[in-house]
Amino acid sequence: MRVIGLVLGAAAALVAAPEMIVHNGRIVTADARFTIVEAMAVEKGRIVATGTSAAVLRRKGPETKLIDLGGKMVLPGLIDAHVHALGAGLTEYKRKLPPLDSITDIQNYIREQAKTTPKGEWIVVPRTLPPRLAEQRFPTKQDLDVAPEHPVAFDGSYVWGANTMALRMSGITAATPNPPGGEVVKGADGEPNGILRNAASLLKRVPQGANYSEAEKLEALETMLKLYAAAGLTTVGDRAAVIEDYNLYAKLKAQGRLPVRTVLTWRINAMRPVEQVVAEIEGNGWKTGQGDEWLKFGAFKVTLDGGQSVGTAYQRMPYGAYGRQLYGQTNPDARGTLFVDGPKLTQIMRAARNKGWQLTSHAQGGAAIDVLLDTFEALDKERPIGPTRSHVMHGSFMSEEAVARMKRMGVLADVQAGWLHFDVPALEQVFGYKNMRYFFPLQTYLKSGIVIAGGSDHMIGQDKNRGVNPFNPFYNLWMAITRETRAGKQIYPEEKITREQALRMYTNGGAYLHFSERELGSIEVGKWADFVVIDRDYLRCPEAEIRRIEPLMTVVGGRTVYTK
């Protein structure tokens, strides 16, 4: 028996030899005790041991790859719960975008485009958010008239701008009736000033973007996902997927070209009659959790209101007088736009929940958040909604009451801390400092026991620090920790969270949101070996340096997907 035992022990030792050992570092596990270890071993893509370097190195075999960290820090793979990868990848597929930080930048862009664009053909300024412009106002036709022989359109998301020639070519005059829910904004002279609020459809023959082949879309998507990996991300949540997006991701996966794990949110067009929307939900075979560890479905999404960046988020309070300058608002009592009313939203969400979906909705304005929570409460009365891990997406203008309702139902939050830096200076002018009290109240969420998942809402550009919105996770971590706006002011510092809490938001929180907490979100035995090696100590470096942390290596499932 002793001989047999020795043979079995030797065989077990051979089998246990890991493929990779990472050692001589500070490995932040983000486990329940926030343990820091020196080393870990990886076999078949999973973590098989953690501990001291001496203990883990005893497991090495002749084929084990050793990575000496030289004292560097390792974090669990970071999860950005909110990106728009394909659209972002295509924005710079053919040419780089210049910085558009002011109206002067926009005018220079138009002049440059006019040099190579035939007269009479459209120039479209890429999506730019007015609160982030130096002038903190929406460009008018006079601003866009720097190329008078070209029709110019300014993409401000839900609100567009047009120059004089664009208005003339589109037949837009003072007599043009406003489209349903939209407005042709007039200047002091009674003539259109070029701002089209929810009325971009009035512009005629505006190019809807370049046409791309499937191969080009695959390349653009793969490039964007690789850039996410280079930023230290190992999982992303694509928050507005339709069938075309799913097919592209599935092809990349089949070809072994997915560098990061992806969780897809199915966004449905809810602007149609409710019967059509429900029929599409019931006829679709997708549901939450369908897929595997590389590509799966997460939530079902409805776009409930507009955006705070253009004054169309549906608010509890009016945008007021400053809304005229920033957004081109003409009605000081305007509160934004609700695209789907409460009863319709409840019907849609009930159908999705019955099909097995986790539920969410784009809801930026406070009143939109209230409508969404009304729907969640109606469904919660039918059966508890907490187990579905349904959540508020964005939830920018939260309230104490809304947080209490979320806590009571077990509703989660998908948050974008980076907006604190970029948007607060302008939004404070609109609503006043007092009414910004619950703008991304991260510490309040955590004290209430609400799980928060960090995301960027990256939409445009491939530069992790200059894109709209920046997808650099260390910038977003820094913002959650400091709440420092671009004006150099801290917005409600009592809502700051610690470095540990911020890291958990980008690891544990995202994994929990995706029903992946048993597989991802921390460095623990049995979980996938997703981790990032960084160039400085996240826990000890000066606070101002957190945003400047650079990944040196990103590993997904034991496979290195990026090295610097």
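What does the charge count around residue 347 come to, taking other residues whose C-beta lies under 14 Å from its C-beta (Lys +1, Arg +1, Asp -1, Glu -1)?
Values: positive: 272, 344, 350, 353, 355; negative: 275, 280, 282, 341, 374, 382.
Result for the local shell: -1.
Work out the charge dipole of the chain with +1 on the Cβ of Lys and Arg and -1 on the Cβ of Asp and Glu about the Cα centre, then indicate which of 241, 561, 379 is farthest towards its positive end. In the chain, that residue is 561.
Please work out the average accessible area per residue across the range 183-278, using the 1.4 Å probe convention, and give it in Å². Working shown, then result.
Values: 4020 Å² over 96 residues.
Roughly 42 Å² per residue, with all protein chains present.
If r is the Cβ-Cβ distance from residue 243 to residue 408 and R0 is 25 Å, what FRET efficiency results, to the nearest 0.05? The formula returns an efficiency of 0.10 here. Rounded to the nearest 20, the Cβ-based charge dipole of the range 484-564 about its Cα centre (Lys and Arg +1, Asp and Glu -1) stands at 200 debye.
If you sort the three axes of the alpha carbon gyration tensor as a ≥ b ≥ c, you get a/c of 1.5 or more for the range 138-183 and a/b no higher than b/c, which makes it oblate.
Considering only 533, 476, 453, and ranking their Cα positions along the charge dipole of the range 414-564 that arises from unit charges at the beta-carbon of Lys, Arg, Asp and Glu, the one farthest toward the positive end is 476.
For the range 493-564, what class follows from the C-alpha gyration tensor (a ≥ b ≥ c being the square roots of its eigenvalues): rounded when a/c is under 1.5, otherwise prolate if a/b is larger than b/c, else oblate?
oblate
For the pair the range 397-443 / the range 15-88, the C-alpha centres are spaced 35 Å from each other. Ordering of 152-165, 474-487, 106-119, 83-96 by packing is 152-165, 474-487, 83-96, 106-119, highest average first (other Cβ atoms within 10 Å, averaged per residue). Since only 361, 441, 74 are under comparison, the one whose Cα sits farthest along the positive direction of the charge dipole of the chain, derived from C-beta charges on Lys, Arg, Asp and Glu, is 74. Placing a pseudo-label 7 Å from each Cα along the Cα-to-Cβ vector at residue 552 and residue 325 gives an inter-label distance of 4.8 nm. Bridges between two residues of the chain, per DSSP, are antiparallel at a rate of about 50%.
Ellipsoid semi-axes for the range 329-434, based on the Cα gyration tensor and the rule √(5λ), read 27, 16, 12 Å when sorted largest first. Surface calculation, 1.4 Å probe, protein heavy atoms: residue 374 sits at approximately 80 Å² accessible.
What value does the range 147-254 have for Rg/Rh, both radii from Cα atoms and Rh as Kirkwood defines it? Write out the running numbers ahead of the final one.
Details: Rg = 19.4 Å, Rh = 16.9 Å.
Taking Rg over the Kirkwood Rh, I get 1.15.
Between 0 and 90 degrees, the angle of helix 214-230 with respect to the longest Cα principal axis of the chain falls at about 60 degrees.
Taken over the range 342-390, the ratio of Cα radius of gyration to 2.2 N^0.38 Å equals 1.04.
Gap in Å between the Cα centre of the range 200-230 and the Cα centre of the range 536-554? Here the two parts' Cα centres lie 32 Å apart.
Roughly how many percent of the accessible protein surface of the range 244-347 is carbon and sulfur, given a 1.4 Å probe and a whole-percent answer?
On the way: 2030 of 4160 Å².
It is 49 percent, rounded to a whole number.
As a rough guide to protection, the peptides 180-186, 132-138, 263-269, 390-396 ranked by mean Cβ packing within 10 Å, highest first, stand as 390-396, 263-269, 132-138, 180-186. Every pair of different Cα atoms in the range 388-475 enters the Kirkwood calculation, which places the hydrodynamic radius at 13.9 Å.
Evaluate the relative contact order of the range 146-218 (contact order divided by residue number), counting alpha-carbon pairs under 8 angstrom at least 6 apart; express in whole percent. Spell out each step's value before the answer.
Working: 96 pairs, mean separation 20.0, N = 73.
Computed value for the range 146-218: 27 percent relative contact order.
Among 96/204; 296/564; 496/527; 407/447, which pairs are too far apart, with a Cα-Cα distance over 21 Å? Those over the limit are 96/204; 296/564; 496/527. The chain has equivalent-ellipsoid semi-axes of 44, 26, 23 Å, by the square roots of 5 times the alpha carbon gyration tensor eigenvalues, sorted largest first. Take the range 12-96 with all the other protein chains still there, run a 1.4 Å probe, and you get 45 Å² of accessible area per residue. Computed about the Cα centre, the dipole magnitude for the chain is approximately 860 debye when only Lys and Arg (+1) and Asp and Glu (-1) carry charge, each at its Cβ. Kindly work out what percent of the DSSP beta bridges joining two residues of the range 334-483 are antiparallel, to the nearest 5. Around 15 percent of the beta bridges assigned by DSSP in the range 334-483 are antiparallel ones. About the centre of its Cα atoms, the range 28-152 shows a dipole size close to 500 debye [charges on the beta carbon of Lys, Arg (+1) and Asp, Glu (-1) only; nearest 20 debye]. Estimated from helical segments only, the mean residue ellipticity of the chain at 222 nm is -9500 deg cm²/dmol, where each DSSP H run of four or more residues counts as -39500 (n - 2.57). Going by the alpha-carbon gyration tensor, a ≥ b ≥ c the square roots of its eigenvalues, is the range 253-360 rounded (a/c under 1.5) or, if a/c is not under 1.5, prolate (a/b greater than b/c) versus oblate? Judged from the Cα gyration tensor, the range 253-360 comes out oblate (a/c at least 1.5, b/c at or above a/b).
The values are calculated or read from the model by the stated rules, or taken from the named source; none is laboratory data. Owing to the predicted nature of the structure, the values given are computational and were not obtained by experimental measurement. Don't worry about glycine lacking a Cβ; one is built from the backbone with ideal geometry, like all the others, and counts go over all protein chains shown. Each accessible area value is taken on the protein alone, full model and side chains, heavy atoms only, with ligands, DNA and RNA left out. Shrake-Rupley method; radii C 1.70, N 1.55, O 1.52, S 1.80 Å.
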